[in-house]
Amino acid sequence: MLTFQETQYLDDLQELFFLSLEKKYPKTPVESLSVLDLREFFYEYFKRTEFSRLYDCLVREIAEKQALDLDRLLLQPLPTGRVFPPGAHGTSWHTDYLYGHGEKTITIWVPIYGVTPGSSFKYISDTKINNQLVQKIFENPEFLLGEIAEKKDVREVIPADGSVAIFDSNQLHCSHENTSNSLRLSFDFRISLDDDTTTTKNLAGYFRLTKSGLKKPNPERKLSFLKYILGGRGFDTAAQHILIGGLAQDKSMKIIGQEAEVERLGLTMLNHHLKEINSGISKFDAIILASKTLFSDDEFERVRKNSCENIYCCAEGEWI
């Protein structure tokens, strides 16, 4: 069920957003910036120290008001920024569970700018009807492609000033089209529980919300990585570069060199670098590659035995 919660931190989050935007784009109206510019700026905004402090405070306030067990909470490391200009299509009807989030996950939606009738997202307001519609979707997935609900059961999310929206992973919602003249900016994030086995997400990458602060995964591993590219395996090498580079930036992983495998000689270069890393004579601490699916089953088993958790696979978010 979707509810609204007042928070003392929303004004500060909005103010920080526009102060930071003004520094990056002086005297530039937000509406004149491109969708790409705004999406990239959201990423910079989320990386700011002051944002991290407000993010932590907001989550703790929500946890307290929602009576959540602080010691069991896992927090999405970075929120998802939403840029929704007039005429744009966002998402069709769905629940977060349908996208792989766990049954115990809750989503917090934070308005930043331009939330007016027609620019916001919609939801099914009656819990019983929502659950009936979800059941119909599981019985016939194509049901999602139509108008799944009566208009009287659909509400638009227009929070009161100083409020955010909160809903569970079973809540049907959508952003079909921005029919207003307003650019809408918002962000959302998810809180999960550490024992939620129904999720398909990699909770190992989530932050743990402790009483003393946010605990990042593997905070002690500040490593220098070798980027390793393996061609000839049905995974475009340009796509490997993009995946590795994007994830490394997102996780602040330091890449100081790269190597492409000599494809017709097995895994010669990988084995060489692994041997040097394991012997402590390499200038690299670890190797980062696109996916463990680059290896055959036999190759993966040999790599696993030699790796000693010195290879990070981007697509899976796992150490080998």
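The values are calculated or read from the model by the stated rules, or taken from the named source; none is laboratory data. Since this is a predicted model, take the numbers as computed values, not measurements. Every residue, glycine as well, gets a Cβ built from its backbone with ideal geometry; the counts of neighbours run over all protein chains shown.
Could you go through region 202-211 and let me know if any residue there is more than 19 Å from His272 (Cβ to Cβ), buried (at least 17 other Cβ atoms within 10 Å of the Cβ) and of a type in the set (S, T, N, Q).
No: zero hits.
Filtered by the rule that a residue be of a type in the set (Phe, Trp, Tyr) and out of contact with any strand residue (DSSP E or B) (no Cβ under 6 Å at 6 or more places or on another chain), region 222-258 gives a lone residue, Phe235. Being assigned to a strand (DSSP E or B), more than 24 Å from Ser296 (Cβ to Cβ), touching a strand residue (DSSP E or B) at 6+ places or on another chain (Cβ under 9 Å) and in the same structural domain as Arg39 (by TED's automatic domain parsing), is that true of even one residue in region 194-206? The answer is no; no qualifying residue exists.
Identification of strands (runs of 3 or more DSSP E) wholly contained in region 1-102 with 1 or more residues that are more than 22 Å from the chain's Cα centre (by Cα), over 21 Å from Asp196 (Cβ atoms) and not small (Gly, Ala, Ser) yields 3-6.
Look at (1) surrounded by 14 or more Cβ atoms within 10 Å (Cβ to Cβ); (2) out of contact with any Asp or Glu (no Cβ under 8 Å at 6 or more places or on another chain); (3) under 30 Å from Leu73 (Cβ atoms) and you find that Trp319 fails only one, number (2). Given the structure, is Lys251 over 26 Å from Asp96 (Cβ atoms) and charged (D, E, K, R)? Against the criterion (over 26 Å from Asp96 (Cβ atoms) and charged (D, E, K, R)), Lys251 does not qualify. A search for C-beta distances below 6 Å between a residue of region 12-26 that is in contact (Cβ under 8 Å) with a residue 12 or more places away in the chain and any residue that is surrounded by 13 or more Cβ atoms within 10 Å (Cβ to Cβ) and among the charged types (D, E, K, R), counting only pairs 6+ apart in sequence or on different chains, returns Leu16/Glu50. Condition (residue is at pLDDT 85 or above, in contact with a helix residue (DSSP H, G or I) (Cβ under 8 Å, 6 or more places away or on another chain) and under 25 Å from Leu13 (Cα atoms)) applied to region 174-185: is it met by at least one residue? Within region 174-185 (the criterion being at pLDDT 85 or above, in contact with a helix residue (DSSP H, G or I) (Cβ under 8 Å, 6 or more places away or on another chain) and under 25 Å from Leu13 (Cα atoms)), the answer is yes, since at least one residue qualifies.
Checking Thr91, Thr95, Thr80, Thr7 one by one, the residue that is closer than 23 Å to Leu172 by Cα and in contact with an Asp or Glu (Cβ under 7 Å, 6 or more places away or on another chain) is Thr80 and no other.
The listed residues are Leu172, Leu203, and the only one of them that is touching a residue at least 60 places away in the same chain (Cβ under 8 Å), among the hydrophobic types (A, V, I, L, M, F, W, C) and within 24 Å of Glu316 (Cβ to Cβ) turns out to be Leu203. In this structure, Thr179 qualifies as outside the structural domain of Asp285 (by TED's automatic domain parsing) and out of contact with any Lys or Arg (no Cβ under 9 Å at 6 or more places or on another chain). The condition (being surrounded by fewer than 17 Cβ atoms within 10 Å (Cβ to Cβ), among the acidic types (Asp, Glu) and within 20 Å of the chain's Cα centre (by Cα)) is satisfied by just one residue among Asp250, Asp236: Asp250. Only residues that are buried (at least 20 other Cβ atoms within 10 Å of the Cβ) and either modelled with pLDDT under 90 or of a type in the set (Val, Ile, Thr) (or both) were counted in region 270-297, giving 3.
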